[in-house]
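> Once you've had a glance at the structure underneath, I'll fire off some questions.
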Amino acid sequence: MNGILHLDGIVVRQGDFQLGPVTLSIRQGEHLVLMGPSGCGKTTLLKAIAGFIPLDAGSIRIGDRVLGDLPPEQRRVGYVPQSASLFPHLRVRDNIRFGLAYAGINRDQQEARFNRITGLLGVEALLDRRPATLSGGEARRVALARSLVTEPDVLLLDEPLGMLDTPARHTLVQTLKSIHAALGTPTIHVTHHLDEAWMMGGLCSLLREGRLVQTGPVETLLLNPANAWAQAFLDGGEPRSTPGATA
Amino acid sequence: MNVLRTFMDRLSAWLESASANIKLVDQALSGMQGSYVELLTLLALGLLAVIPIIVPERHRQFYRRLNQCFGILIFIFVVYTCLGVFGMIRNFHRGLMEIGRENIIALYFCSVPLTVLVTSMIFGPTFCGWICPTGALQEFIAIPLKRWHRARRKAGWPCTPAVLTLTGLVTLVFLGWMAYLSVTRVFFVEDASVYWSEVLVILLFVLAFRMARWDKALRRLRWVSFAIIAAGAVAGWRITSPVHFTFSKVYDPASVLSTIMVVLGAILVPQIWCRYLCPWRETIAWAGRHSVRRLETRHDTCTQCGQCDSVCGVEAVHHGTVDPHECHLCLKCVDTCPTKAIRLVDQWKVEP
Amino acid sequence: MKPSRIIPLLQVILLALYAAGTVHGWLEPLELFNLLMMTACLVTTARAWRHPDESLVAGGILVLIGAHLFVGQRIAPDTLTGGAILLASLLTLYVGIQINRHLPRGYWWAFVTGYFVLYALFILHLNNAEPLFILFLMAMTACARSARLLAYYWAAVVSFTFLQPYAWPAVIILFFAISAVTGARSSVPSRLLPVFLAAGLALFAFVLLPVLLMLTGEDLHSLETVWRDPRIRAAIGRTAATATVSTAVLTLFGVPLAYAISRLRFPGRTLLLSLADLPIVIPQSVAGIALLRVFGRRQIIGGWLADTLGLPVDGTLLGIGIAQVFVAFPFLLRSAVAAFDTVDEELELTARSLGASPWNTFRRIALPLGARGIFLGIVLAWARAAGEFGAVVFIAPTPETAPVAAFNRFNSAGMIETAPLVSLLLLFSLVMFFLLQLTTRLLPTGAAQPRRRP
Ligand code: SF4
Ligand code: SF4
């Protein structure tokens, strides 16, 4: 298995904003919830890993592969954007199949993968629908399936539970847990809700203005916040960019 | 083959002679020399349209039949304008274009359609239910078949083998006749229109098997029909109307054929032409929407007995609610309703 | 005497006059219909007498009877006319009474005024139009219940009486304007907007009038004759062919360029985008001469093309094509750039991370999602290319394209002769237009689609 993601002091500059240096590594089977107030650079970090934004410094490795300047399609990184971003002109079936054509496997293998992943995510009933007719939760599932059929080495989820109502969130959390258990793909899950981290369990990182504040199991974070800001953030569970402005 | 051909020749010769003198009078009625015959039309139409309002309720349907017979009589035997539903649209266009140039001709062509429209706009679409000869012919032919039609409607217009055979036969005979006509006769431009109306009717025969399901959608064909006729009027094509031959003195096989098809169609499906093809129906329905009189259902007294549904020839009532766009205002439903839940009401106030 | 009694009294006097006139032969001899008419008058008078609160009705009736008296004298004196007038009058009375009873006063005044206007129009203004007066009077009774219908009615009356040869186009335009103005709804209550709309439509009407006129003016026969003319056919075929080829070339280069412009940020991007509009701003004749300056046989490039490559430009199909490409270019580029701009970049990024190469992303995501806009651009470019006259006529007066043919025919044969050809060309353009509307509705867009909430 080469499913170990190493971020080594990566820096991304966008205008005045600087992300990093961030150093982080996630092993096979680990699920990292990356938390922080809005505007702290979570999404930028994901896009940098996925290869949409070039690095200004540092390096990214997956196992022994150095991603460096590889274009996104060669990174084997699954990226599920915030709004699911299903291709509106394709049916659900074709959305999920989209990446299979580029996976370099034959038809039977494609079929097998397709069936396995759709089964795992429980989207069989949706296959002939149009994306516009799906509910938010359904769309997220399809987006997950679309990403997972390519068997990425790393999975990047941007706010996978955002803008869903509570029941949909709960079912989706269950789905995320079960696929994580089944596939073990190392995952970075970006959110600004503390309860998501709590529901997902596992590792958790706090990001503030482009820098990692603290990383560790959720329980540790909650019991021993690294500083006053982390304390405030975790207490409020709400995104706040200015430290000390507690309720 | 030869026998058949002789027979057909005979038949068409007979038809020709029979329809040649169908008009009772060659000139306008003598007492009316020098006056505009069209004014009579206007008068007659107006009176016929007013009658539905003033007849007593007790024997209303009887008076209606009388009115229809009178309509057929007047328009077929006396008046020289084509009251065929196509003719009205075509003539209307022509008449309108003559205003200011040849006012008498304008009157000649406008009077009938305008009178019909005006009376429909005030008194409701009574033209369809009380006057129109085409509609009346279809209704009369179906009178003896009332029971059969009711049973079939209850069963959702099933297509039994008998119906299928009948339709197949009719279509075959008709196609044969068409073939015969096209080899023996030099078709005029206007005759070519027979293909148009006939193809539509055949189409309907076929589609009628899916009637229960396609009824709503098929009714939109009237728009197509209207659009074609209106475009034709503007572009100067002559498309003859079914029943046209009864209004003119020329023997017109195209129109005879159309008439026969319409009548046969009405045997299979009541008011088939009115339901699915009549272009004039669209105009009348539009005018009727602005009319003062409408049918209203009091739902508290309606017992959902379904008698009105079964009596309506155009299936315009559903569970006691009348669809004004389809209704011919024949008032059969009003007269049959045992609890008098459907009423004819006047509504002069314009809804904002 | 109460004032409410005066009008019915006057009416009785008038009736007596009427009867006396009939007896004495000032009016037509006693006729059945005249008698009927008088009876009707009597009945309504009696009614008005018993319900003095309806004296306004009585006044109206009085006015109508007076008018009928006047009309009846002018109209050819015969039974049928009398009868028809009676019918129309009864209808008018009936509707007048009902309007007075049920509707606001304004409707009633509109009704009565309308009566006199119609009278002036048909009896006094148009000669020999008395029967039409009856017809239009009846039509007015039908429309009198609703202000909107009345507006349509008067629009029709004005069109068919005064604007005669242009009646249909006028009716279509007026009806459209009326339905637009009366049906206009806005979220902010405003009296200004409908006025703006009406004013704009008035101008628009002038633009639309020639088109509608050409369309409704020709019958099928003259169109067919034109269509039979081999020269015309050749011109139309040539136009379609050259326009298609030019558009194809344009599409081949223009669509990728548009994608690049939409996705890349580079110095001079804005300049490029504005320069692309140049062919729209340049007068067409100027464009034609400028093209000739480059591609003419005596010029360097044109001469080289003609002599070395054997591809002369002026007076050939190639020249037509070049002129067409020149004028049609902005239409394609503009729409295509706009189309690609609507395609969400996030979708493309997602596609990339799923393993699709840039080319595949373009082919499977950007192109289908921009299809509607691109198609629109292609059709607009085609139409522009096919319709181009100014630039083409300079660089290639022969072989004739359809617009050039129309021009030449007009110069040699005049307006009447050209009309059918113009109608034909117009018809083609309209067919294109409707096809365009239809197909663009069927294609997907990249714009965010409404998502049902869970
Ligand atoms: S629908 Fe047409 S054919 Fe039928 S009654 Fe009305 S006008 Fe006559
Ligand atoms: S709804 Fe009533 S009035 Fe109208 S057509 Fe049917 S039966 Fe006649």
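The values are calculated or read from the model by the stated rules, or taken from the named source; none is laboratory data. The structure displayed is predicted, hence computed values, not measured ones. Cβ: placed from backbone, ideal geometry, glycine included. Neighbour counts: every protein chain shown. With ligands, DNA and RNA removed, areas are computed over all heavy atoms of the protein, side chains included. Shrake-Rupley method; radii C 1.70, N 1.55, O 1.52, S 1.80 Å.
> Nearest 0.05, what FRET efficiency do B:Ala227 and A:Thr133 give at R0 = 41 Å with Cβ-Cβ as r?
For B:Ala227 and A:Thr133, the calculated efficiency is 0.75.
> While we're here: Can you send over the solvent-accessible area of A:Ser83, 1.4 Å probe, protein chains only, in Å² to the nearest 10?
That residue has around 60 Å² of solvent-accessible surface.
> For segment C:166-302, just say rounded, prolate or oblate: build the C-alpha gyration tensor, square-root its eigenvalues into a ≥ b ≥ c, call rounded for a/c under 1.5, and beyond that prolate if a/b exceeds b/c, oblate if not. Kindly include the intermediate steps, with their values, before the conclusion.
Values: a/c = 2.55, a/b = 1.26, b/c = 2.02.
Oblate is the answer for segment C:166-302, as a/c is 1.5 or above yet b/c matches or exceeds a/b.
> Hey, what did segment B:293-346 get for relative contact order, percent, Cα under 8 Å, at least 6 apart?
Relative contact order, segment B:293-346: 49 percent.
> Still on this model: In deg cm²/dmol and to the nearest 500, what is the mean residue ellipticity at 222 nm of chain A if only DSSP H runs of at least 4 residues count, each as -39500 (n - 2.57), divided by the residue total?
Values: 8 runs with 83 residues, N = 247.
The helix-only estimate for chain A comes to -10000 deg cm²/dmol at 222 nm.
> Using a 10 Å cut-off around each Cβ of peptide B:94-100, what is the average number of partner chain Cβ atoms that fall inside?
6
> With charges set only on the Cβ (+1 for Lys and Arg, -1 for Asp and Glu), what does the dipole of segment B:293-346 come to about its Cα centre, in debye to the nearest 20?
With Lys and Arg at +1 and Asp and Glu at -1, about 200 debye.
> If the only charges are +1 at each Lys and Arg Cβ and -1 at each Asp and Glu Cβ, what is the size of the charge dipole of segment A:1-114 around the Cα centre, to the nearest 20 debye?
Numbers: 13 positive and 10 negative charges, 61 e Å.
That gives a dipole near 300 debye.
> Where a ≥ b ≥ c are the square roots of the eigenvalues of the C-alpha gyration tensor, would you call segment A:1-64 rounded, which needs a/c under 1.5, or, failing that, prolate if a/b is larger than b/c, or oblate?
oblate
> For segment B:293-346, rounded, prolate or oblate, judged on the Cα gyration tensor with a ≥ b ≥ c (square roots of eigenvalues), a/c < 1.5 rounded, else prolate if a/b > b/c?
Note, shape of segment B:293-346 comes out oblate.
> With all protein chains present, calculate the accessible area of B:Trp177 using a 1.4 Å probe and round the result to the nearest 10 Å².
40
> I'd like to compare C:235-245, A:166-176: which one has the highest average count of other Cβ atoms within 10 Å, and what's the full order after that?
Order by mean packing, descending: C:235-245, A:166-176.
> Same structure, new question: Across peptide A:135-143, what mean number of C-beta atoms from other chains lies inside 10 Å of a residue's C-beta?
Mean inter-chain Cβ contacts per residue within 10 Å come to 2.
> I'd like the interface area for chains B and C: accessible area of each alone minus the complex, both sides summed, 1.4 Å probe, protein heavy atoms only. What is it in Å² to the nearest 100?
In total, chains B and C hide about 3600 Å² from solvent.
> Given a cut-off of under 8 Å on Cα pairs at least six residues apart, what relative contact order in percent is computed for segment C:224-442?
That works out to 30 percent.
> Also, I was wondering about something else. Summarise the partner chain shielding of C:355-363 as one whole number: the mean count of Cβ atoms from other chains within 10 Å of each residue's Cβ.
4
> Let me ask something additional. If ligands, DNA and RNA are left out, what is the accessible area of A:Glu124 with a 1.4 Å probe, given in Å² to the nearest 10?
Here the accessible area works out near 100 Å².
> If you place +1 on the Cβ of every Lys and Arg, -1 on the Cβ of every Asp and Glu, and leave all else neutral, what size is the dipole of segment C:248-328 about its Cα centre, to the nearest 20 Debye?
So the magnitude is around 240 debye.
> Keeping every protein chain in place, order B:Lys216, B:Lys146 by accessible area at 1.4 Å, biggest value first, i.e. largest first.
Putting B:Lys216, B:Lys146 in descending order of accessible area: B:Lys216, B:Lys146.
> Let me ask you something else. Quick one: order C:Trp227, B:Trp157, B:Trp14 from most to least accessible surface, probe 1.4 Å. Can you show the working numbers first?
Working: C:Trp227 95, B:Trp157 15, B:Trp14 155 Å².
Putting C:Trp227, B:Trp157, B:Trp14 in descending order of accessible area: B:Trp14, C:Trp227, B:Trp157.
> Taking a virtual spin label 7 Å from the Cα of B:Thr303 along the C-beta vector, which residues in segment B:329-348 bring their backbone nitrogen under 20 Å of it?
Label zone hits: B:332-344.
> Among B:His319, B:Ala341, B:Gln307, whose Cα lies farthest out toward the positive end of the dipole of segment B:293-346, if unit charges sit on the beta carbon of Lys, Arg (+1) and Asp, Glu (-1)?
Highest projection toward the positive end goes to B:Ala341.
> Okay, next question. Ranking request for peptides C:164-170, C:115-121: highest mean number of other beta-carbon atoms within 10 Å first, then the rest in descending order.
By packing density, highest mean first, the sequence is C:164-170, C:115-121.
> If you don't mind, another one. State, in square angstrom and to the nearest 100, the accessible area buried between chains C and A, both chains counted, probe radius 1.4 Å.
2600
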